[in-house]
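Notes to accompany the following structure.
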Amino acid sequence: MLTDLLLRDFRCFDECRVTLHPEMTVFVGRNAQGKTSLMEAACVLLRLQSPRTSNRAEVIRLGAKTMLIEGTLKDKKLRCAQSATVRRLAVDGAVCGKSAEYLSQSGLVVWMDHRDMNLLRGSAEHRRRYLDFAASQMFPDYLKALRGYERALRGRNHVLKRDAVIGWRQADAFAKVMDEFARVIITRRHELTQMLQPHVTRIHAELSGGSERGITNYAPSFFGASLFKALGEKRDEEQRLRQTALGPHRDDLHLLLNDLDATSYASEGQQRSLALSLKIAQAHALEQVGGSPPLLLLDDVFGELDAHRRRALLRLLPTGTQKVITTTNLEWAQGEVVPGRVYEVEGARVQKAGGE
């Protein structure tokens, strides 16, 4: 459980301290006041990843050279400081030389926002990101394999595009490196999908009143034990396209409702319920692996959900899930008492609701 958060020179904040409630913390305010940045800081602190950008410099306040985030998680003091090029991590004052060492002692996170509908409406890239964010938290070898694969893929694509006559010997050298990492990625994505499936089916059945069956199927871009061998059979296509034709970067997650492709045949309401099911299922899968529920970060989601889906979201989460919520107003609460702490955010300033 994350009990407090300190931001210094992060996004629009020069300095900000907040205490988080063990059940629910709500940040209320108009758009572009800093609400999402507070939640983003919690995600960066725990996972060293921002759901909003992959550029480290973007999270540093304009005019500052470094940013700092600190927080207390289960009595451990986490510290993440970074410039545009260097990151320094510590747990209880002890410096962590590697990200993996730090991440092994931090917490798990599920991020939800309006872009989750892209899991149904968007390209396969959105579904791969969903798999990658969960798998990198669940499997210690996944993130290293993914980063290694992406580096080798960039190198191979450069070779395929560089010269009029492709240097296949060099392209094959990159393919061999990709093959090793691809085995890990594909294996872990299979395991993750199998873990998610029963949760997605159960949760979507409850959201739909038992009338629909939600199904997730991992769809790798090739079948067989060797990516290197599969790429060898695609030379004509790669000669024409000048890019790598197969591999985990072209995988997908097929989403079905009653055996029909949900990305094509589901209504907007059905798609919203399935997207919700996928994120709640992710929380259960992370709890299954981590032994405790993840921190749930909901960016302006409650205002988009009807009362039925909102109540279902809270009911279907793992017991004891800590929630941090941003919202432009509390009208969705319909007069109900929010079970936690409410902050008002305006102009990168945070205070308890009512000015307490």
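Order these peptides, 23-36, 62-75, 275-288, 158-171, by their mean beta-carbon neighbour count within 10 angstrom, highest first.
Working: 23-36: 18.9, 62-75: 15.3, 275-288: 23.6, 158-171: 13.1.
Listed from highest to lowest mean packing, they are 275-288, 23-36, 62-75, 158-171.
With 0.36 nm allotted per residue and the present C-alpha distance subtracted, the ALA124-ARG154 stretch has 8.9 nm of extension available.
In this simple spin-label approximation, LYS144 and ASP75 carry label points 7 Å from Cα along the Cα→Cβ vector, and these lie 3.0 nm apart. Computed over the chain, the convex hull of the alpha-carbon atoms projects to a mean area of 19.6 nm². The residues ARG156, ARG61, when put in order of fewest to most other Cβ atoms within 10 Å, stand as ARG61, ARG156. For the chain, the longest principal axis of the alpha carbon atoms and the long axis of helix 168-207 meet at an angle near 40°. Spatial offset of region 28-57 relative to region 305-353 amounts to 17 Å, using the alpha carbon center of each. How far is helix 35-47 tilted, in degrees, relative to the longest principal axis of the Cα atoms in the chain, given as a value from 0 to 90 rounded to the nearest 10? The answer is roughly 60 degrees.
Between THR19, THR193, THR53, the Gaussian network model of the chain with springs among Cα atoms under 10 angstrom shows the greatest mean-square fluctuation at THR53. From the alpha carbon centroid of region 78-94 to that of region 173-191 is 30 Å. Only the Cβ atoms of Lys and Arg (+1) and of Asp and Glu (-1) were treated as charged; on that basis the dipole of region 48-187 about its Cα centre amounts to roughly 340 debye.
Measuring how big region 113-293 is from its alpha-carbon positions, Rg and Dmax come out at 18.1, 59 Å. Modelled spin-label separation between LEU330 and ARG115, with each label point placed 7 Å from Cα along the Cα-to-Cβ direction: 2.9 nm. Using a cutoff of 8 angstrom between alpha carbon atoms and counting only pairs six or more residues apart, the relative contact order for the chain works out to 25 percent.
Suppose R0 equals 41 Å; then what is the FRET efficiency for ARG250 and SER99 from their Cβ-Cβ distance, rounded to the nearest 0.05?
With a Förster radius of 41 Å, E is 0.95.
Relative protection proxy for 99-107, 237-245, from highest mean packing down: 99-107, 237-245 (other beta-carbon atoms within 10 angstrom).
I need SER211, SER292 ordered by Cβ neighbour count within 10 Å, fewest first. Provide the component values of the computation, followed by the final result.
Details: SER211 10, SER292 14.
Ascending Cβ contact count within 10 Å gives the list SER211, SER292.
Computed about its Cα centre, the charge dipole of the chain is approximately 1080 debye, with only Lys, Arg, Asp and Glu carrying charge at their Cβ.
Taken together, the values in this text are just the output of simple stated rules run on the coordinates, not laboratory data. For clarity, every value in this text was computed on a predicted model and none was experimentally measured. Neighbour counts run over all protein chains shown; Cβ positions are idealised from the backbone, glycine included.
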